[in-house]
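The values are calculated or read from the model by the stated rules, or taken from the named source; none is laboratory data. This is a predicted model, so every value here is computed, not measured. In this analysis, Cβ positions are derived from the backbone assuming ideal geometry, glycine residues included, and neighbour counts consider all displayed protein chains. Calculation scope for accessible area: heavy atoms of the full protein, side chains included, ligands and nucleic acids excluded. Shrake-Rupley method; radii C 1.70, N 1.55, O 1.52, S 1.80 Å.
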Amino acid sequence: MTTELLYGRNAVREALRARRRELRRLVISRSVQESGIIADIIRLAEQAGVPVERIERQALDRQLRDANHQGVMLESGPYPYVELDECLKAAAERREAALLLLLDHLQDPQNIGTLLRTAEAVGCHGVVIPGRRAAEITPAVVNASSGAVEHLRIAMVTNLAQTIEELQRAGIWVAGLEQDEEAKDIDAVDLDLPLALVIGAEGTGIARLVRERCDFLVRLPIVGQIGSLNAAVAGSIAIYHAWRQRFRSVTE
């Protein structure tokens, strides 16, 4: 039976709010004040029937090593991945054009967490990650996303290029975010359509086979001396831009 140790106040609170995992035990450091968000965490645990244990901070440090746990840890089951169809079904149920985020072999938990937090903030219907040579949804990713990942539908697939073809058959347009001459400025492209946005790995960008299957490429206009942004910043701007186009079309 796999046990994951979630840590950080926001991450633990959102896991308890979402109740998508098997929740086994909440551990609180005796040195923290049980007020504010800590009080909220304890209340959520009690409502979910999760045992609460208080231990010395040093014991928590030993269990979580160098993690910035903020005096709280949640023992849980593994992350509940979904099938790709569930992401498309969510869009249909909300009567919205699908908005998906595809992460092409990103490995840095902080970058992934930032992208997932943005995806949740703009109401993405799902996120797709490859099952090999990429970071999975680990406790570090949960913490980096401030727990946002607990509210997202994330599908882990064997082959991202084949998944793109499956999405295209379902009527989804696939856009790759690349900072090169073949890409169009994102402001000049209509993104108010069923869309999957592909974000490439740090440094290497989108893999060749994945790029070849994209319907089009977009880039962020940059006027400064630095020629590019990192994956988390660029991807967050792009997915937010796509959402803003949809938001404007609804409100105008």
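One table, with the values for the structure above:
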{"item": "1.4 Å probe accessible area per residue over segment 143-252, in Å²", "result": "52 Å²"}
{"item": "Rg/Rh ratio calculated on Cα atoms of the chain (Kirkwood radius)", "result": "1.01"}
{"item": "Cα gyration tensor category, rounded, prolate or oblate, for segment 51-118 with a/c compared to 1.5", "result": "prolate"}
{"item": "Added length on full extension, which subtracts the Cα-Cα distance from 0.36 nm per residue, residue 17 to residue 222", "result": "69.9 nm"}
{"item": "Where a label projected 7 Å from the Cα of residue 181 along Cα→Cβ would reach, residues of segment 227-246 with amide N under 20 Å", "result": "227-229"}
{"item": "Residue-averaged [θ]222 nm for the chain, counting only DSSP H segments that reach four residues, each worth -39500 (n - 2.57)", "result": "-11500 deg cm²/dmol"}
{"item": "Mean Cβ neighbour count within 10 Å, used as a protection proxy, ranking 104-113, 150-159 highest first", "result": "104-113, 150-159"}
{"item": "Protection proxy ranking, peptides 140-147, 180-187, 196-203, average beta carbon neighbours within 10 Å, highest first", "result": "140-147, 196-203, 180-187"}
{"item": "Between 0 and 90°, nearest 10: helix 231-251 axis offset from the chain longest Cα axis", "result": "70 degrees"}
{"item": "Stretch gain in nm, segment residue 83-residue 212, where the contour uses 0.36 nm per residue and the Cα spacing is subtracted", "result": "44.0 nm"}
{"item": "Cβ-placed point charges (K, R +1; D, E -1), dipole of the chain about Cα centre in debye, nearest 20", "result": "780 debye"}
{"item": "Label point distance in nm, residue 24-residue 121, each placed 7 Å from Cα along Cα→Cβ", "result": "3.3 nm"}
{"item": "Cβ-defined net charge surrounding residue 209, 12 Å radius [Lys, Arg +1; Asp, Glu -1]", "result": "0"}
{"item": "Residue 93 paired with residue 169, simple spin-label distance in nm, labels 7 Å along Cα-to-beta-carbon", "result": "2.4 nm"}
{"item": "Distance (nanometres) between label positions extended 7 Å along Cα→Cβ at residue 65 and residue 158", "result": "3.2 nm"}
{"item": "Cα-based helix-to-principal-axis angle, 160-169 vs the chain, degrees rounded to 10", "result": "60 degrees"}
{"item": "Degrees separating the helix 36-47 axis from the principal Cα axis of the chain, which is the longest one", "result": "80 degrees"}
{"item": "HN-Hα J in Hz across segment 18-26 - Karplus 6.51, -1.76, 1.60, θ = phi - 60°, x for Gly and Pro", "result": "6, 6, 8, 8, 6, 9, 10, 7, 9"}
